Amino acid sequence: MTLSSTTIDYERLRTTLDWKAAEAELGWEPGKPLNIGYLAVDRNVERGLGDKPALIHEDSTGTVRTFTYADVKRLSNGFANRLQEFGVKELDRVCLFLDKAPELYIGFAGILKLGAVAQPLFSAFGEDSLLQRVEDSKAVAIITSRKLVSRVRKIRDRVPELKHVLVIDGNAEGKPLRTDEGEFAFDMEAEAVPEFEIAKTHRESPSVLHYTSGTTGKPKGALHVHSSVFGQYLTTKMVLDLKDDDVYWCTADPGWVTGTSYGIIGPWTMGVTQVVLDAGFSAERWYQTMAKHKVTVWYTAPTAIRLLMKAGTDVVKQHDLSALRHMCSVGEPLNPEGVHWGREAFDLDFHDTYWQTETGSMMITNLPGMVVKPGSMGRPFPAVDGAVLDPVTWEPVSEVGKVGMIGIRPPWPSLMRTYWNNSATYYSKFHNGWYVTGDRGSIDADGYFWFSGRDDDVINTGGHLVGPFEIESALLEHPAVAESAAIGKPDPVNMEVVKAFVALKPGFTGDDDTELSIMNLIRKKLSPLAMPQEIEFVDKLPKTRSGKIMRRLLKAQEWGEEIGDISTLEND
Ligand code: PRX
């Protein structure tokens, strides 16, 4: 393929496309209220799509439940109504701590209709991860399930603002709920109401709070607002290429931003039918799901693609995937092999997309019709001004192929508006008028962006960011651990997995028993993703003269890379 075979006029789009196009298409005018819950649900019913399936949900047992837009309307009203009766108000934070149950998707819409802020939490979060996020946001309510409520109970005494615990299967047989402590059995069907007066939120009203890990400190809450919908809508339409009769499958969990921006807001504001599979991964099951529901557009991640590659192409051919017409990827570098394999297995290109929790919507994309260069993230979405910046002057580098910091020129609708309780860190992300992503990359002669790495110590395991600090803090709670460092080590499937270096206190030995005892302690605190796959005992950790652990050095060793400048390394 050559660039001349492209079927879109990218340069023309760059000069003509404006985020405002989304405003008109969503029927919004300046000065009017703006509410994502309304645009994603009720507006579709008003447009005559009430009988159209919004959500086809399949659980681990293979049970399929279909919810039309009219169903989602009355059910999401039920969430909004009940929360309102409990006294939850606009701007209050409401957590969703659920597996991929229908209530997660529908509850999300209900929270937004009420004007409250939806705070999704990944269901695998352990006690510490949960506590940090609920403590920081001061959420007043949490929607969870019988399976997960025990973890909520463990943190209740440390989060006094959390008054209401809605348990979606709370009526099921089993241990009773602690109603005197605000636990409430929320049966979605029984709670449904036909009408709810949607909050008159506006462009800048807070909508979604997603926590993301950094190198230092606790996870930071990226706060989004209702006008983010314009960015999510336009990119869904143009990059995911959704059309009225598509059946779309986003494999991401709404605990992460992909699962809300493109697993709820994007497809539903377009009035499209989407599939959700709430079951563990297996290649066979994924292809069955695609064949059974005739999925046409698929948005997934490189780690999943690598797992599918491992399962081979034969299993692909055993399923009728003839409906599939478009595939996209996000979250980590998509290796060229992934794209080549996609061509072989599906006769389609995986279209990589690059963005972050903070950017709220896709920034660098491969538009349908654009030539896909395997290994490249694509070009800035036509309404986005992206550059590679010199880290000293913060000016765009003009040299082709020169690595610098990837920057995006604000504003755009779905850029976070702050980090919750942490505006100083928010402002530190901007330099010389650019939002600086913290990723390094370069631009080739055709304007395509190539990712080279993160500029911090955050670990990207299977597309999910894990902060070294949370792992190190958990390790330090063990009585034998004097100091620790967590880094990402190469992994053929997850790109990186966590490796911990531990220096022990005097009197302790770095043997299998100590390792097991450390692992057992931290397993209770961390989510499975953040669990080290390996602990290496060392006498001491490399540190700067000011005492900061040089994870960079440990990482370079692990990856067999040049160690770089070590002039700040502590001298004995
Ligand atoms: O390092 C980049 C990597 O994932 C980070 C953002 O992670 P998160 O905020 O969890 O959001 C993930 C889903 C939007 C980025 O800073 N990343 C994301 N997409 C890509 C990527 N790295 C390489 N190629 C990508 N396409």
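Relative to the current alpha-carbon distance between A556 and D385, full extension at 0.36 nm per residue lengthens the span by 58.3 nm. Does region 410-456 come out rounded, prolate or oblate by the C-alpha gyration tensor, with a ≥ b ≥ c the root eigenvalues, rounded set by a/c under 1.5 and, if not, prolate when a/b is larger than b/c and oblate if not? Because a/c hits 1.5 or more and a/b exceeds b/c, region 410-456 counts as prolate.
Would you work out the charge dipole size for the chain about its Cα centre, treating the Cβ of every Lys and Arg as +1 and the Cβ of every Asp and Glu as -1, and quote it to the nearest 20 debye? Mind dumping the intermediate values first?
On the way: 62 positive and 79 negative charges, 181 e Å.
Its charge dipole is roughly 860 debye.
Magnitude of the charge dipole for region 459-559, about its Cα centre and with charges confined to Cβ atoms of Lys, Arg (+1) and Asp, Glu (-1), is about 500 debye.
Each peptide in 111-121, 341-351, 362-372 gets a packing score, the mean of other Cβ atoms within 10 Å over its residues, and the list from highest to lowest is 111-121, 362-372, 341-351. Ranking D513, D92, D457 from most to least accessible surface, computed with a 1.4 Å probe over the protein chains only, gives D513, D457, D92.
Take T393, T544, T425 and sort them by solvent-accessible surface of the protein heavy atoms, 1.4 Å probe, largest at the top. Working shown, then result.
Details: T393 75, T544 20, T425 45 Å².
Final ranking, largest accessible area leading: T393, T425, T544.
Counting heavy atoms of the protein chains alone, W249 has an accessible area of about 10 Å² for a 1.4 Å probe.
Cα centroid separation, region 39-84 to region 532-562: 49 Å. Other residues with beta-carbon under 9 Å from the beta-carbon of W450 carry, at +1 per Lys or Arg and -1 per Asp or Glu, a net charge of 0.
Across the options I8, W434, A311, the greatest Cα extent toward the positive end of the charge dipole of the chain (unit charges at beta carbon of Lys, Arg, Asp, Glu) belongs to W434. If you roll a 1.4 Å probe over the chain with all protein chains in place, what percent of the accessible area is carbon or sulfur? Looking at the chain in its full context, I get 51 percent from C and S.
Label region 184-278 by shape, choosing from rounded, prolate and oblate, from the square roots a ≥ b ≥ c of the eigenvalues of the Cα gyration tensor; if a/c is under 1.5 it is rounded, and otherwise prolate applies when a/b is larger than b/c, oblate when it is not.
Working: a/c = 1.36, a/b = 1.09, b/c = 1.24.
Taking the square roots of the gyration eigenvalues as a ≥ b ≥ c, region 184-278 is rounded.
Checking the cross-link pairs K73/K200; K52/K237; K429/K524 against a 27 Å limit on the alpha carbon distance flags K429/K524 as lying beyond it.
Helical content alone sets the calculated 222 nm signal of the chain at -7500 deg cm²/dmol, taking -39,500 (n - 2.57) per DSSP H segment of four or more residues and averaging over every residue. Annotation note: trypsin sites (Lys or Arg not before Pro) in region 32-92 located in DSSP loop regions with a Cβ neighbour count of at most 16 within 10 Å are K89.
Based on alpha-carbon atoms only, what is the radius of gyration of the chain relative to the globular estimate 2.2 N^0.38 Å?
Working: Rg = 23.6 Å, N = 572, 2.2 N^0.38 = 24.6 Å.
Ratio of Cα Rg to 2.2 N^0.38 Å: 0.96.
Students often check this: by mean Cβ neighbours within 10 Å, which of 185-191, 382-388 ranks highest, and how do the rest follow?
Details: 185-191: 16.6, 382-388: 20.7.
Answer by packing, highest mean first, reads 382-388, 185-191.
Note on L516 and K20: their simple-model spin labels are 6.8 nm apart, each label 7 Å out from Cα toward Cβ. Rounded to 0.05, the FRET efficiency of the S398 and E173 pair, given R0 = 60 Å and the Cβ-Cβ distance, is 0.35. Could you tell me whether region 279-334 comes out rounded, prolate or oblate from its Cα gyration tensor? Rule is a ≥ b ≥ c as square roots of the eigenvalues, rounded for a/c under 1.5, then prolate if a/b exceeds b/c, otherwise oblate. It is oblate, given that a/c is not under 1.5 and a/b is not larger than b/c. Estimated from the Cβ-Cβ distance and a Förster radius of 22 angstrom, the FRET efficiency linking D9 and D347 is about 0.30. Projected label points at K243 and D320, each 7 Å from Cα along the beta carbon direction, are separated by 2.1 nanometres.
Under unit Cβ charges (Lys, Arg +1; Asp, Glu -1), what dipole magnitude, rounded to 20 debye, does region 195-294 have relative to its Cα centre? All intermediate terms of the calculation are to be shown ahead of the outcome.
Details: 9 positive and 10 negative charges, 63 e Å.
The dipole of region 195-294 has a size of about 300 debye.
When you restrict to C-alpha pairs under 8 Å that are six or more residues apart and normalise by the size of region 10-440, the relative contact order lands at 15 percent. Simple spin-label estimate for E90 and E189 gives 3.5 nm between the two label positions (7 Å along the Cα-to-Cβ direction from each Cα).
Accessible surface computed residue by residue for the chain, with neighbouring protein chains in place and a 1.4 Å probe, gives 40 Å² per residue.
The DSSP beta bridges internal to region 10-440 are antiparallel in roughly 45% of cases.
Along the axis of the charge dipole computed for region 123-271 (Cβ charges of +1 for Lys and Arg, -1 for Asp and Glu, origin at the Cα centre), the listed residues T144, G214, A190 are led at the positive end by G214.
The values are calculated or read from the model by the stated rules, or taken from the named source; none is laboratory data. Treat the numbers as computed from the prediction; the structure is a model and nothing was measured. Heads up, the Cβs are rebuilt from the backbone with ideal geometry, glycines too, and the neighbour counts pull from every protein chain shown. Surface areas here come from the heavy atoms of the whole protein model, side chains and all, with no ligands, DNA or RNA. Shrake-Rupley method; radii C 1.70, N 1.55, O 1.52, S 1.80 Å.
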